[in-house]
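As C-alpha cells, the structure follows; a few thoughts come after it.
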Amino acid sequence: MEGDGGSEIKQWCLSQVKGAIDDDVTEADIISAVEFNHSGELLATGDRGGRIVIFQQEQESKTLAHSRGEYNVYSTFQSHEPEFDYLKSLEIEEKINKIRWLPQKNAAHFLLSTNDKTIKLWKISERDKRPEGYNLKEEDGRYKDPTSVTTLRVPVFQPMDLMVEASPRRVYANAHTYHINSISVNSDNETYLSADDLRINLWHLDFTDRSFNIVDIKPTNMEELTEVITASEFHPLQCNTFVYGSSKGSVRLCDMRAAALCDQHSKLFEEPEDPSARSFFSEIISSVSDVKFSHSGRYMMTRDYLTIKIWDLNMESQPVETYQVHEYLRSKLCSLYENDCIFDKFECCWSHDDSEVMTGSYNNFFRMFGRDGQAGVTLEASWESSSPRCPLRPWRVCAGSRRKEDEIGVDCLDFSRKILHTSWHPQDGIIAMATVNNLYIFQEKLN
C-alpha cells in the first residue's frame, strides 16, 4: 500500500463501528470525547448528552491477531446533567469535554470526566457475588424484629451475574469562571490540572473543596485580552512540568518548582511567522487545538488548523517536524470561516511507540504520518466503503477536475462529516475515532 509519496506504510483494517447507522442523529448522541485507558483494555466515549459509554476489549480476542480490536459495551452511565448558573443566567450544558483515566491500582478503574464547569471522579467496579444469610435482614431487604432472632448464622457470599457499577467518588466544582477545555492527570497520580480560557488550576484528587491557581493570564482590563488558553497537559514523566497552548499558536512550558504561580514560563515554543504569508485568517488557523507529549517525554506534538508540529523539548526556536494535514483547504478558508468550520478543534495522538502520529480531517478522513520520513496517508472512516479485516484504501484529495478512482476533489468534501476526537491504544496498533454519533475502531493489519 502506497502513501502520497510512494513510501510503504502500515495497512489498517476496520474492526468495528459502534452507534446507530442513521442519518437522523440527535444532538445528545454526538460523541465529544474518546479515550483508551492505560492498558488499552477499556475505551471510554463521552457525548453531548452527558453520558459515558465504556467498551471492554474481548478477552478471547486479545490473543487473536485478526480480532484483537473487538470491544463490547462494558458500562454506560450518566456523568453530567444540564445545570443553570443563576448568578450569570447561563445554561451549563451536560456535554462531556474530556475524559482522562487514572492508572489502575486495584480491581476497580477510575476516570475523570468534565463538562464546561464541573469535573467528576468516577469509580467503575465489578460485582459478581452478593452476601446472603443476614441475621437481622430478610432476603427481600426488610429488617427483622431483633427479639425474633433465636439462632445466629454466618452470612456467606453467593455467586451472581456480573454487574458493573459506576459511582461518583468526587465532584470538583466552582473553580472555573470560564469553560474547561483540558484536564490532565499528573505522573505522581495524586494531582491533576484543569484549564479554562484564562486560568489553569491544580487539584489534589482527594480534596474537592480547594484547588491552586497555577496559571492566570487574565488581564486587569479585559479589553486588553489578546489570547486565551486552548489546551494543557502534564509531562508524562516529570511531575513538575506542564505545557499549555494558546490561541496565538504558541506553547509555553512551565516548571512548578520555580514559583507557585507559573505566569512566567520556562520555555516558549513558537514558530516565527512569515510576514509575506500573513492574512485575515492567520491567527485563527495558528490557534493550538491540541497538545500531546510523546510517551518518552522527549517530544511534544501540537495541532493547529492545517498542520501537526513535532517539537523537541530541547529546541524552542522551531519544530523538528511539520506535517501538512489538509493544505488543500488553504484556498477554502473564506468559506470555512463563513460556515464556522475554521473554528473546529481537531485532536491528535501518538502511536504506542511514538513512531507515528494521527489526526482527523473532514469527509470522515483521518491522516497518519510515519516519523521516519515517509509521506502521510489519508484514510476514510466509513462502514460503507470498508470491509472488516480488509485493508483500507488510501485517498488523495486533488484540486483539478480530472480525477482517478482513489481521488476526490476539494469541492466534493463533506464538511459536516469530520473526525475531531481520536485515541491510540497505548500498547498495540489499534485506533479509535468518533464521527458524529459513531465510534470507529481500526486495527493494524499484521502480516
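Going down the list 98/218; 18/88; 18/404, which pairs span over 27 Å between their C-alpha atoms?
With Cα atoms farther than 27 Å apart: 18/88; 18/404.
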Within the chain, longest stretch clear of exposed chymotrypsin sites (Phe, Trp or Tyr not before Pro) (DSSP loop, no more than 13 other Cβ within 10 Å): 281-447
Amide H partners (placed H, <5 Å) of residue 273, local residues excluded: none
Reachable lysines from residue 137, criterion Cα separation under 27 angstrom, eight or more residues apart if same chain: 129
Surface share of carbon and sulfur [accessible, 1.4 angstrom probe, percent] for the chain: 48
Area accessible to solvent at residue 153, 1.4 Å probe radius, in Å²: 120
Convex hull per residue volume in Å³, alpha carbons only, for segment 3-133: 224
Solvent-accessible area per residue, Å², over segment 20-117 with all protein chains present [probe radius 1.4 Å]: 49
Furthest towards positive pole of dipole, 258, 275, 246, structure part segment 214-315, Cβ charges: 258
Accessible area in square angstrom per residue, segment 206-267, 1.4 angstrom probe: 54
Viscosity 1.567 mPa s, 4 °C: Kirkwood-radius Stokes-Einstein D of segment 134-212 over Cα pairs, µm²/s: 75
Candidates per GluC sites (Glu not before Pro) in segment 179-251, loop by DSSP, up to 13 other Cβ within 10 Å: 190
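For residue 335 and residue 86, compute 0.36 nm times the residue count separating them, minus their Cα-Cα distance, and round to one decimal in nm.
85.9 nm
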Kirkwood-Stokes translational diffusion coefficient of segment 301-343, alpha-carbon pairs, 37 °C, 0.692 mPa s, µm²/s: 282
Among the listed pairs 117/345; 117/309; 10/95; 309/345; 309/418; 123/418, those beyond 23 Å (Cα-Cα): 117/309; 10/95; 123/418
Inverse mean reciprocal Cα-Cα distance (Kirkwood Rh) of the chain, Å: 23.7
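The values are calculated or read from the model by the stated rules, or taken from the named source; none is laboratory data. Bear in mind that the values here come from a model prediction, so they are computed numbers and not experimental data. FYI the Cβ positions are ideal-geometry reconstructions off the backbone, even for glycines, and counts take in every protein chain you see. Each accessible area value is taken on the protein alone, full model and side chains, heavy atoms only, with ligands, DNA and RNA left out. Shrake-Rupley method; radii C 1.70, N 1.55, O 1.52, S 1.80 Å.
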